[in-house]
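One structure below.
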Amino acid sequence: MNSPRTSVQPSDLSAVLSERLFTQGSLPRYAPGVTLAAAIVVGGVLHLSGVASGLAAVAVVVLYAVAIYGWSLAVEGARKAKNRVVTTVVTAAFLLALLPLISVVITVVGNGVGRLDVEFFTYSMHGVVGEGGGVYHAIMGTLLITALATVISVPVGMLCAIYLVEYAKGKLGRAITFFVDVMTGIPSIVAGLFAYALFALIFGPGVRMGVMGAVALSVLMIPIVVRSTEEMLRLVPAELREAAYALAVPKWRTIVKVVLPTAGAGIATGVTLAIARVVGETAPLLVTVGITTGVNMNPFDDRMATLPVFAYRQFMSPGLPPEPAIDRAWTAALLLVAVVMLLNLVARLISRLFAPKARA
Amino acid sequence: MAKRIDVADLNIYYGETLAVQDVSMSIEPRSVTALIGPSGCGKSTFLRSLNRMHELIPKARVAGKVMVDGQDLYAPDVDPVAVRSQIGMVFQRPNPFPTMSIYDNVAAGIKLNAKRMRTSELDEIVERSLRQANLWDEVKDRLDKPGTGLSGGQQQRLCIARAIAVRPDVLLMDEPCSALDPISTQKIEDLITELKADYTIVIVTHNMQQAARVSDTTAFFNLRGIGQPGQLVEIGDTATIFSAPANKATEDYISGRFG
Ligand SMILES: Nc1ncnc2c1ncn2[C@@H]1O[C@H](COP(=O)(O)OP(=O)(O)OP(=O)(O)O)[C@@H](O)[C@H]1O
Ligand SMILES: [Mg+2]
């Protein structure tokens with residue numbers, strides 16, 4: 001043990017070390033910019049000489065990746081060169097994914113902003129032919145039906161998730177998980193037909209009610225609520241439950257007073273996102289709630305208007321002249337997009353404001 | 001208040017694996033019993049079987065007898081919640097409730113069980129418990145701040161305050177000082193000595209000096225071998241165990257000549 005472990009003498013060691021520098025060459029900071037500019041110029045030339053714009057864009061990306069790889073390999077070495085290529089690919093994929101979103105927002109805002117006036121928010125379509133009219137009735141319908149769907153889905157979904165996480169052992173739990181997964185994939189029109197069939201059994205065929213739409217939306221919402229709540233409950237450390245048990249707190253109290261508050265912000269976020277997911281559903285509402293021109297605030301009696309069905313109807317049967325109806329459809333679509341974005345913002349806000357904090 | 005615990009032929013399982021084998025020992029009321037032994041020999045497992053926390057782990061089970069003042073802890077009609085209301089526990093890792101303030105954490109045993117109590121009375125209990133856990137001076141100005149905003153050692157003392165606030169008859173402590181500085185450790189040891197007058201205390205520790213300082217009885221656990229269950233090697237008067245242990249393994253472990 002006392003003999004020297006290596007034969008390297010101090011002088012050799014410093015010679016070896018001096019060759020292993022921490023520094024290495026690096027590209028100038030303007031390198032990516034210059035390369036990209038050059039690639040864009042080439043792409044522009046290609047486009048002018050008749051290549052389709054999409055193909056030219058692909059050419060720009062490929063050219064940029066190849067050029068920056070070669071340059072970086074020569075100056076910085078293999079690892080950094082690879083890093084630059086992967087960065088390029090990731091950025092390009094991100095922009096590609098963003099493209100439809102930006103396109104939708106621009107189109108909807110461009111076409112919809114024209115009718116974004118006071119009348120649109122305060123009038124229904126009662127007796128409106130041609131210009132004018134509004135979506136007050138559809139806004140109220142969407143609010144009522146979505147609220148009802150939430151009232152149905154949240155207790156069912158949360159209790160189901162609590163059962164799965166806190167109580168389920170063995171077969172029943174696995175079966176429920178399986179069916180929740182199946183429910184996640186149910187096409188929305190099927191949910192609508194289910195609700196219609198259910199109510200037709202009770203009230204006879206041809207029945208139309210707001211609550212039918214709420215039931216149809218619940219079928220879509222419940223699996224989302226179950227999934228997100230389940231995930232949040234599983235994140236609550238077992239140690240917290242044990243801490244409560246050790247204080248002789250019964251299991252149900254532990255769940256209600258310790259587990260749920262700890263997961264509360266996450267659950268609320270999940271519920272908000274579930275609402276955002278179903279608020280724009282069209283097909284199930286079309287077959288269960290239908291559409292009217294006037295305000296109907298009673299979800300237990302007759303047809304109601306909702307924003308997505310309104311947009312669909314205005315677009316599909318605009319009447320003559322068609323322009324005012326098409327404009328209304330775009331504005332209703334804009335409103336829906338805005339509502340969904342708002343709900344997503346609310347979800348983020350909830351998780352930021354109410355999540356248990358590590359530090360005061 | 002204090003209770004006597006008699007363990008007879010206790011085997012503790014995780015699923016099919018036997019983790020602790022054939023433990024028999026008596027724990028006297030109004031005394032401190034220290035459990036020592038190498039990591040993984042089943043000290044925590046044994047401790048958790050004394051207030052029916054072990055069975056919370058899926059598939060975990062216990063065979064044998066644990067008698068507390070003559071009552072069998074594992075008799076079929078025993079309510080684990082009632083057991084835990086009399087046998088409190090401090091865990092190896094601090095686990096304050098993240099949604100609760102410091103005050104509410106200490107009052108958790110009372111508030112979570114929805115026991116009715118006057119505010120002044122509750123204030124008194126919280127202050128007394130925090131003082132006993134040597135945390136009062138550090139937190140008295142921020143009782144309404146989250147308990148998770150404290151340092152690791154402060155959190156551990158908060159958990160000790162939480163456990164003693166409900167005045168259990170028996171207090172099980174799993175390495176309560178492993179995250180504490182010497183001064184806080186000293187205070188906790190003082191607290192243990194003080195509580196001994198009324199409570200039965202079982203403490204797991206890796207600190208030999210601590211075991212020697214605070215305990216009346218010491219139990220040495222050891223693994224029979226790699227992959228084998230842990231077992232109780234020797235139990236006796238702390239003074240005897242530390243000066244003249246009967247078993248060679250005990251002597252080696254205590255004097256640091258182990259493994
Ligand atoms: N949840 C669990 N599931 C399965 N096996 C477990 C579980 N917890 C502990 N064990 C096993 O039981 C044995 C005893 O573990 P235990 O935590 O009681 O040791 P310990 O003596 O407290 O160790 P330490 O001093 O490191 O805390 C170990 O072999 C461990 O791997
Ligand atoms: Mg342990």
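Below is a table of values for the structure above.
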item: Percent accessible area from carbon and sulfur atoms, segment A:26-114, protein chains only, probe 1.4 Å; result: 78 percent
item: Top of A:Ile275, A:Ile145, A:Ile350 by mean-square fluctuation, Gaussian network on chain A, Cα under 10 Å; result: A:Ile350
item: Segment A:194-234, accessible surface, carbon-and-sulfur percent (1.4 angstrom probe); result: 72 percent
item: Residues of chain A: accessible area per residue with a 1.4 Å probe, Å²; result: 56 Å²
item: Virtual paramagnetic centre 7 Å along Cα→Cβ of A:Val89, amide N under 20 Å, in segment A:25-45; result: A:32, A:36
item: Between B and A, accessible area buried - total, square angstrom, nearest 100, 1.4 angstrom probe; result: 2100 Å²
item: Label-point separation, A:Val34 to A:Ser53 (7 Å along Cα→Cβ), nm; result: 3.0 nm
item: ³J(HN,Hα), Karplus 6.51/-1.76/1.60, whole Hz, each residue of segment B:96-106, x for Gly, Pro; result: x, 6, x, 8, 10, 6, 4, 4, 5, 4, 5
item: Karplus-derived HN-Hα couplings along segment A:61-77 (A = 6.51, B = -1.76, C = 1.60, θ = phi - 60°), whole Hz, x at Gly and Pro; result: 4, 5, 4, 4, 4, 5, 5, 5, 5, x, 4, 5, 4, 5, 9, 9, x
item: Point-charge dipole on Cβ atoms (K/R +1, D/E -1) for segment B:78-204, about Cα centre, debye to 20; result: 360 debye
item: Computed Rg/Rh of segment A:121-353, alpha carbon atoms with Kirkwood Rh; result: 1.07
item: Principal axis box of segment A:68-170, alpha-carbon based, largest edge first, Å; result: 73, 56, 17
item: A:Ser103 versus B:Ser120: modelled label distance in nm, points set 7 Å from Cα along the beta carbon direction; result: 7.4 nm
item: Dimensionless Rg ratio for the protein assembly as shown, taking C-alpha atoms and the 2.2 N^0.38 Å reference; result: 1.36
item: Chain B: most fluctuating residue of B:Gln155, B:Gln21, B:Gln71 per GNM, C-alpha cutoff 10 Å; result: B:Gln71
item: Value at 222 nm in deg cm²/dmol, rounded to 500, when DSSP H runs of n ≥ 4 in chain B each add -39,500 (n - 2.57); result: -9500 deg cm²/dmol
item: Rg and Dmax of segment A:26-114, Cα atoms only, in Å; result: 16.3, 55
item: Solvent exposure, largest accessible area first (probe 1.4 Å, DNA, RNA and ligands not counted), of A:His47, A:His126, A:His137; result: A:His126, A:His47, A:His137
item: Residues A:Ile176 and A:Ala238, FRET efficiency given R0 of 25 Å [Cβ-Cβ distance, rounded to 0.05]; result: 0.70
item: Value of relative contact order over chain A, rounded to a whole percent, pairs C-alpha under 8 Å and six or more apart; result: 19 percent
item: Evaluated at q = 0.13, 0.15, 0.16 Å⁻¹: base-10 log I(q)/I(0), Debye formula over Cα of chain B; result: -0.84, -1.09, -1.23
item: Sites A:Glu119 and A:Val66 - FRET efficiency at Förster radius 45 Å, r taken between beta-carbons, to 0.05; result: 0.20
item: Residues whose placed amide H lies under 5 Å from that of B:Glu234, excluding near-sequence neighbours; result: B:Phe220
item: Surface accessible to a 1.4 Å probe, per residue, for the residues of segment B:122-259, Å²; result: 43 Å²
item: Placed amide H near B:Ala19: partners under 5 Å, 5+ positions off or other chain; result: B:Ile12, B:Tyr13, B:Tyr14
item: Exposed trypsin sites (Lys or Arg not before Pro) absent - longest run of chain A, DSSP non-H/G/I/E/B, at most 15 other C-beta within 10 Å; result: A:170-356
item: Rough spin-label spacing in nm, given labels placed 7 Å along Cα→Cβ, for B:Asp69 and A:Val340; result: 6.4 nm
item: DSSP-defined beta bridges in the protein assembly as shown - what % are antiparallel, rounded to 5; result: 55 percent
item: Rounded FRET efficiency, nearest 0.05, which uses the C-beta distance separating A:Leu349 from A:Arg277 and R0 of 22 Å; result: 0.80
item: Helical contribution to [θ] at 222 nm, DSSP H n ≥ 4, -39,500 (n - 2.57), averaged over chain A, rounded to 500; result: -23500 deg cm²/dmol
item: Lysines with Cα under 30 Å of B:Lys43, excluding same-chain neighbours fewer than 8 positions away; result: A:Lys169, A:Lys251, B:Lys3, B:Lys59, B:Lys65, B:Lys187, B:Lys196, B:Lys248
item: Among B:Thr45, B:Thr240, B:Thr193: highest mean-square fluctuation, GNM of chain B, C-alpha pairs under 10 Å; result: B:Thr240
item: Integer Hz, Karplus 6.51/-1.76/1.60 couplings in order for segment A:222-227, x for Gly and Pro; result: 3, x, 5, 5, 4, 4
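The values are calculated or read from the model by the stated rules, or taken from the named source; none is laboratory data. Bear in mind that the values here come from a model prediction, so they are computed numbers and not experimental data. Virtual Cβ from ideal backbone geometry, glycine too; neighbours counted across all protein chains shown. Note: areas computed on protein heavy atoms with side chains; ligands, DNA, RNA excluded. Shrake-Rupley method; radii C 1.70, N 1.55, O 1.52, S 1.80 Å.
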